[in-house]
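Trainee: Before I ask anything, here is the structure I am working with.
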Amino acid sequence: MINFVHSKLKDEFNKLHPQLIKILFWLDGFLNYHWRQSLIITHLMRTQTEQEEIYGKGTSKKSVHQFGRGADISVKDLFANRIAPEILVDAINDAFPYAKPDYKTALYHELDHRGRHIHIQVAE
């Protein structure tokens, strides 16, 4: 079962790109099958104001989160169960290659105050 860190994310989930929803359900099943663990989503949609808080006021940089094509998932429980986030990143990228060369569907990174997390994205 997919879990959300706050209720707003449940509403945003239905606005996501269908391919991203497919990947998130697949990942939840993958976690449950291998480790009896549920997926925890920490971030989905982002406004332009939130984008500017991260990258600076007036930024022209866009994020897949602004278009329902990005999701961030927690890695906190993965560490508690001794699951390396890179295992999930590799599994996602193998199962769902990104539609554009030089991009990945999943990556493990840190962005501003959100801390380390797995970012998942799909192309248009």
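The values are calculated or read from the model by the stated rules, or taken from the named source; none is laboratory data. Just so it is clear, the model here is predicted, and its values are computed rather than measured. For neighbour counting, all protein chains shown are included, and Cβ atoms are generated from backbone atoms with ideal geometry for every residue, glycine included.
Trainee: Within the set of pairs 6 or more residues apart or between chains, which connect a residue that is under 27 Å from residue 123 (Cβ atoms) inside the stretch 78-96 to a residue that is at pLDDT 85 or above and surrounded by fewer than 13 Cβ atoms within 10 Å (Cβ to Cβ) with Cβ atoms less than 8 Å apart?
Mentor: Qualifying pairs under 8 Å: 78/84.
Trainee: Could you tell me whether the stretch 10-20 includes any residue that is aromatic (Phe, Trp, Tyr) and touching a residue at least 60 places away in the same chain (Cβ under 8 Å)?
Mentor: No: zero hits.
Trainee: Only one residue in 39, 31, 24 is among the aliphatic types (A, V, I, L, M), closer than 17 Å to residue 117 by Cα and touching an Asp or Glu at 6+ places or on another chain (Cβ under 6 Å). Which one?
Mentor: Step by step, each of 39, 31, 24 is checked, and only 39 is among the aliphatic types (A, V, I, L, M), closer than 17 Å to residue 117 by Cα and touching an Asp or Glu at 6+ places or on another chain (Cβ under 6 Å).
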